[in-house]
Amino acid sequence: MISIMVVAHVPLASALVDCARHVLGHDPYVTAVDILPNESAIDCSKTLSEQIIALDRGDGVLLLTDLPGATPSNIALQACHLVQASGVACCVLAGVNASMLLRAINYRQGSLEDVATNALAGATQALLRVD
C-alpha cells in the first residue's frame, strides 16, 4: 500500500489530514508535516527524508505539497531525491487540496504512478464554479 504524507505551510498539512479523518470517519493513516516559517529546504530535507523512509511500507510514498516552488514543496522535492538514492520510491505532487488527498487515500492500493495519477485527477476534477 502506498504511504501518503502531506507537507505544507503550518497549519495546512494537519488541517487537511483532519479534514480527511472527518470525511472518512476513520484515521486515514496519512502523515502531516507542517512547515514552520523560516524553515529551509537545506535544514529540513534530511529529517524529512528519514521520515519518508520510516513511513514506506515497500510500495513507495506519495508526498502532497501545497504551493509549487514554495518552501514545503522544495523541502519535499529535495527529501524525495535523497530517498530515491536509497532505493525508496517517492513522488511529489504540488497543489494539494482536499479532493486530491481523499482520492489518493481511496486509491492507494495501486502503484505509486497510478495513485499519483488518480490524486491529480481528483484535484482537477474538483475545480468547479458552483453558482
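Test Gly25 against the criterion of being closer than 23 Å to Ser111 by Cβ and either without any contact (Cβ under 8 Å) to a residue 24 or more places away in the chain or not β-branched (Val, Ile, Thr) (or both), and give yes or no.
No: the conditions fail for Gly25.
Condition first: assigned to a helix (DSSP H, G or I) and not aliphatic (A, V, I, L, M). Now tell me which residues in segment 1-15 satisfy that.
Scanning segment 1-15 gives a single hit, Ser14.
Among Asp66, Asp56, which is out of contact with any helix residue (DSSP H, G or I) (no Cβ under 7 Å at 6 or more places or on another chain) and charged (D, E, K, R)?
Unique residue meeting the criteria: Asp56.
Considering each residue of segment 1-18, count those that are more than 10 Å from the chain's Cα centre (by Cα) and under 17 Å from Pro37 (Cα atoms), and give that number.
Final tally of qualifying residues: 6.
For segment 1-15, give me each residue that is in contact with a strand residue (DSSP E or B) (Cβ under 8 Å, 6 or more places away or on another chain) and surrounded by 14 or more Cβ atoms within 10 Å (Cβ to Cβ). Talk me through it step by step, then tell me what you get.
The first filter runs over segment 1-15 and keeps only residues in contact with a strand residue (DSSP E or B) (Cβ under 8 Å, 6 or more places away or on another chain), leaving 2-14.
Selection gives Ile2, Ser3, Ile4, Met5, Val6, Val7, Ala8, His9, Val10, Leu12, Ala13, Ser14.
We did not get these values from a lab; they are worked out from the coordinates using the rules stated. As the structure is a computational prediction, the values presented were derived from the model and not from experiment. We place every Cβ from the backbone using ideal geometry, glycine too, and count neighbours over all the protein chains shown.
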